[in-house]
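Quick notes on the structure that follows.
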Amino acid sequence: MSFFVDLNTAIDTRLSGGTALISAIGGTAIYNGIAPDESALPYVVWSYQASNRDNWTPSDSSQSLIFIRAYASTALKAGQIDDCVADLMKTNLTVTGGWNNFWLAREEEFLLPEKDETGVTTWMCGAYYRVRLDK
């Protein structure tokens, strides 16, 4: 059975339950996959980058690479929001469906400017998180 729905719920619950994060973005602008067009800054987006089954134990185990990033009008604000995300992602997730999150680690980190077609710069700051589950 796929773990995606259960892991989606766990990530969304963790991020949307972070009072410091909600305060930093000024609301609940947390999106899975992509932010809606014309979303007001700042906001957070998370998405899967890769997943695979480990196949190294008799149990059902997998690992996923999740990319969580903040978008803001300045590098400082994007970094402050990313700090809130990093604090939230320091402990294993509570995943339903019989899954156990036994490993959660922050990996590669990013801070990048993006310029839109009108010349407006938006800053993205975030990191990959490796999530390992077994059942």
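The values are calculated or read from the model by the stated rules, or taken from the named source; none is laboratory data. The structure presented is a predicted model; accordingly, all values stated were derived computationally and were not measured. Positions of Cβ are backbone-derived with ideal geometry, glycine not excepted, and every protein chain shown enters the neighbour counts. SASA here: full protein model, heavy atoms, side chains in, ligands and nucleic acids out. Shrake-Rupley method; radii C 1.70, N 1.55, O 1.52, S 1.80 Å.
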**Request:** Sticking with the crude label model, points 7 Å out along Cα→Cβ, report the distance from T94 to S2 in nm, one decimal please.
**Result:** 2.5
**Asked** Taking the Cα atoms only, what angle lies between the long axis of helix 4-16 and the longest principal axis of the chain, rounded to 10 degrees?
**Response** 40
**Complete:** Checking segment 59-128 for trypsin sites (Lys or Arg not before Pro) in a loop per DSSP with at most 14 other beta-carbon atoms within 10 Å yields K90
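With every protein chain kept in place and ligands, DNA and RNA left out, what is the accessible area per residue of segment 19-104? Probe 1.4 Å, answer in Å².
Values: 4420 Å² over 86 residues.
Using a 1.4 Å probe on heavy atoms only, each residue of segment 19-104 averages 51 Å².
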**Item:** Nearest 10 degrees, 0 to 90: helix 75-88 Cα axis against the chain principal axis
**Value:** 20
**Request:** Report, ordered by chain and residue number, the lysines lying within cross-link reach of K77, taken as a straight Cα distance under 18 Å and ignoring same-chain residues fewer than 8 apart.
**Result:** K115
**Complete:** Everything considered on the Cα gyration tensor (a ≥ b ≥ c; rounded for a/c under 1.5, else prolate if a/b is larger than b/c, else oblate), the chain must be described as prolate
**Item:** Computed over the chain: relative contact order in percent, which uses C-alpha pairs under 8 Å that are six or more apart
**Value:** 25
